[in-house]
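Asks: Mind looking over this structure? Questions follow.
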Amino acid sequence: INTERLDIQDKTVGIASTNAPSSTSQDDAGIIIYGETDVNILYDRDKAALGINTSLHVSGVTTCGAGLSLTDSVKAKFGASGDLEIYHDGSNSYIKDTGTGYLVTNADQIHINNADNSDNMIKAIGDGAVEVYYDGTKRIETASDDAGGGVIVTGKIVGTAATIGTGV
């Protein structure tokens with residue numbers, strides 16, 4: 001060991017592979033520290049996986065080259081208080097803003113499509129129209145004055161009462 005200081009005092013420490021002091025270790029695994037810290041870092045060379053059985057705190061930028069995978073009902077939380085949550089509960093997917101401000105989405109265009117991305121549901125176009133679709137067909141849109149202005153409806157308008165304009 002080439003180190004300036006190494007102190008091990010009355011705790012379980014395992015570094016290396018087959019002789020690590022835990023049944024969870026395996027060949028090419030490393031660092032198992034028990035005692036008050038209960039840290040278990042296990043590297044599986046065959047699976048190219050790193051397991052950490054406690055919380056992981058990272059200062060700086062973290063890059064995930066192959067993506068980030070979370071199991072059902074595990075929330076990805078953002079903000080100092082975890083105000084923004086993204087998660088899937090096994091049946092439904094959620095983006096949840098629990099903070100005091102707004103959930104803001106900035107884009108030149110926003111499209112909300114069905115799950116397989118084959119039908120439009122809503123389009124919001126910067127400095128332009130908002131379009132609402134039914135079964136992939138545009139039914140309602142806002143328009144500029146050159147296109148008639150206001151709202152354009154394709155199909156029937158059904159209602160029980162209507163006031164259009166002033167006193168009409």
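The values are calculated or read from the model by the stated rules, or taken from the named source; none is laboratory data. Keep in mind it's a predicted model, so treat the numbers as computed, not measured. Don't worry about glycine lacking a Cβ; one is built from the backbone with ideal geometry, like all the others, and counts go over all protein chains shown. All accessible areas refer to the heavy atoms of the entire protein, side chains included, with ligands and DNA or RNA removed. Shrake-Rupley method; radii C 1.70, N 1.55, O 1.52, S 1.80 Å.
Asks: Need the full-extension length gain, residue 76 to residue 143, defined as separation in residues times 0.36 nm minus the C-alpha distance. One decimal, nm.
Replies: This chain segment gains 20.3 nm when fully extended.
Asks: Quick check: with the 1.4 Å probe, what order do 141, 85 take by accessible area, largest first?
Replies: 141, 85
Asks: For residue 74, what is the net charge nearby, where nearby means another residue's Cβ is under 13 Å from its Cβ and Lys, Arg count +1, Asp, Glu -1?
Replies: Charge balance near residue 74 sits at -1.
Asks: Additional query: Could you compute Rg(Cα) / (2.2 N^0.38 Å) for region 72-168, with N its residue count?
Replies: Cα Rg divided by the expected 2.2 N^0.38 Å: 1.49.
Asks: Another question about this same structure. Around residue 119, which amide H atoms from residues at least 5 apart in sequence, or from another chain, sit under 5 Å from its own amide H, with H modelled in the peptide plane?
Replies: 114
Asks: How far apart, in nanometres, would the label points at residue 111 and residue 95 be if each is projected 7 angstrom from Cα along the Cα-to-Cβ direction?
Replies: Result: 1.6 nm between the two label points.
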